[in-house]
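J.: Supplied in structure tokens, the structure appears directly below.
The values are calculated or read from the model by the stated rules, or taken from the named source; none is laboratory data. Source: prediction; values computed, not measured. Here the Cβ is made from the backbone with ideal geometry for all residues, glycine too, and neighbour counts use every protein chain on show. Please note that ligands, DNA and RNA were not included when accessible areas were found on the heavy atoms of the full protein model with its side chains. Shrake-Rupley method; radii C 1.70, N 1.55, O 1.52, S 1.80 Å.
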Amino acid sequence: METARVFFGITAALSMPWGTGWQRTRPWLTVSFVALYGAYTIAPYAHEPKPWSAFVTAVLLAYGSVLLYRQAATPSSGFSITLPLTAGSSSTRRAGAVLLSVAVLLSLWTAGGTTVTLGSDLLHSDRAAIFLSALLLAVFGGGTLAQAATAPVCAEVDSMPDGPEKTKALDFMSGSKNIGLLERGLLFVFIAAGQPEAAALVLAAKSLARVPTNDHGKHASEYFLIGTLASVIASLAMGMAARSAVGLPVL
């Protein structure tokens with residue numbers, strides 16, 4: 001439980017500011033948040049050395065990322081702190097790189113043994129390899145299937161004369177690739193986990209958020225329907241195949 005709390009807590013402390021881009025726009029808030037949340041995470045185990053090592057690693061990563069991505073226009077918090085090797089843009093970046101390197105070395109000392117053991121277990125796990133390979137097939141192989149299935153619709157749209165109808169259809173189709181990757185990934189994960197009901201919710205959410213309207217024209221509706229069905233077929237087939245391969249019920 002200690003390892004899980006520290007791992008998830010430190011990872012969350014780093015992910016939150018990086019996910020919001022604070023390391024570029026709010027540098028000191030980034031470091032402060034990581035330090036405070038990291039302290040909360042390791043509080044029950046403050047008498048042991050390795051949680052403290054994980055805490056220091058997180059703070060170094062946060063501060064190193066702030067220095068590495070710092071720009072001249074970075075908003076100020078109202079005061080400045082000058083540290084060695086941080087005067088000037090190039091020196092700041094070097095300092096950030098040094099701190100990140102130290103953090104990496106410290107993290108290897110902190111979790112090196114556990115990471116090697118976990119990595120070895122995953123490397124030799126047939127079940128993990130099967131599910132990972134099936135996920136890649138569903139996401140990227142399914143993309144090829146969806147592309148082939150929707151190719152006739154795309155050809156019809158390309159052959160249309162320039163005008164509002166063509167523009168709206170192309171606008172609708174422009175973001176489909178990335179959405180399809182996420183869609184197939186989520187569908188596969190839920191099917192592989194034996195939760196087809198959750199997979200159905202993904203499709204329902206997509207239909208509510210992205211269903212084409214009459215303004216997009218019939219080509220957009222055909223593209224949406226065919227692409228969605230191709231993604232469902234790929235994810236369902238790979239999810240069922242992977243579960244069957246590891247000895248689980250197909251659904």
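J.: Listed residues A103, A134, A138, A111; which is modelled with pLDDT under 65, among the aliphatic types (A, V, I, L, M) and under 30 Å from A4 (Cβ atoms)?
T.: Only one candidate passes the filter, namely A111.
J.: With respect to K177, is the statement that it is over 24 Å from the mean Cα position of the chain (by Cα), over 30 Å from S125 (Cα atoms), of a type in the set (K, R) and open to solvent by 50 Å² or more (accessible area, probe 1.4 Å) true?
T.: Numbers: over 24 Å from the mean Cα position of the chain (by Cα): no; over 30 Å from S125 (Cα atoms): yes; of a type in the set (K, R): yes; open to solvent by 50 Å² or more (accessible area, probe 1.4 Å): yes.
Here the answer is no, as K177 does not meet what is asked.
J.: Then there's this: Could you list all residues from the stretch 40-52 that are surrounded by fewer than 18 Cβ atoms within 10 Å (Cβ to Cβ) and under 26 Å from the mean Cα position of the chain (by Cα)?
T.: Y40
J.: Looking only at the stretch 156-174, which residues are open to solvent by 80 Å² or more (accessible area, probe 1.4 Å) and either among the charged types (D, E, K, R) or closer than 18 Å to R210 by Cβ (or both)? Give the derivation first.
T.: Initial filter on the stretch 156-174 (open to solvent by 80 Å² or more (accessible area, probe 1.4 Å)): 156, 158-159, 161-162, 164-165, 168, 171, 174.
Selection gives E156, D158, D162, E165, K168, D171, S174.
J.: Moving on. So is V6 more than 25 Å from A95 (Cα to Cα), open to solvent by less than 60 Å² (accessible area, probe 1.4 Å) and either of a type in the set (A, V, I, L, M) or part of a helix (DSSP H, G or I) (or both) or not?
T.: Spelling it out, V6 is indeed more than 25 Å from A95 (Cα to Cα), open to solvent by less than 60 Å² (accessible area, probe 1.4 Å) and either of a type in the set (A, V, I, L, M) or part of a helix (DSSP H, G or I) (or both).
J.: Looking at V153, is it touching an Asp or Glu at 6+ places or on another chain (Cβ under 6 Å), surrounded by 13 or more Cβ atoms within 10 Å (Cβ to Cβ) and in a helix (DSSP H, G or I)?
T.: yes
J.: Residue under question is F79, and the condition is that it be open to solvent by 40 Å² or more (accessible area, probe 1.4 Å) and modelled with pLDDT of 80 or more; does it hold?
T.: Numbers: open to solvent by 40 Å² or more (accessible area, probe 1.4 Å): yes; modelled with pLDDT of 80 or more: no.
Considered against the rule, which asks whether it is open to solvent by 40 Å² or more (accessible area, probe 1.4 Å) and modelled with pLDDT of 80 or more, F79 comes out as no.
J.: Turning to a different aspect of this structure: Would you pick out the residues in the stretch 13-26 that are on the phi < 0 side of the Ramachandran plot and surrounded by fewer than 13 Cβ atoms within 10 Å (Cβ to Cβ)? Talk me through it step by step, then tell me what you get.
T.: Within the stretch 13-26, the first condition is being on the phi < 0 side of the Ramachandran plot, and the residues that meet it are 13-20, 22-26.
S15, G19 - these are the residues of the stretch 13-26 that are on the phi < 0 side of the Ramachandran plot and surrounded by fewer than 13 Cβ atoms within 10 Å (Cβ to Cβ).
J.: Are there any helices (runs of 4 or more DSSP H) wholly within the stretch 156-249 with 1 or more residues that are touching a His at 6+ places or on another chain (Cβ under 7 Å), and if so which?
T.: Fully inside the stretch 156-249 and qualifying: 164-174.
J.: Name every residue in the stretch 18-46 that is modelled with pLDDT under 85, assigned to a helix (DSSP H, G or I) and not basic (K, R), in order of residue number.
T.: W18, G19, T20, W22, Q23, T25, P27, W28
J.: Criterion first (closer than 14 Å to V139 by Cβ and surrounded by 13 or more Cβ atoms within 10 Å (Cβ to Cβ)) does A242 satisfy it? Break it down stepwise before answering.
T.: Details: closer than 14 Å to V139 by Cβ: yes; surrounded by 13 or more Cβ atoms within 10 Å (Cβ to Cβ): yes.
Taking the combined requirement at face value, the residue satisfies it.
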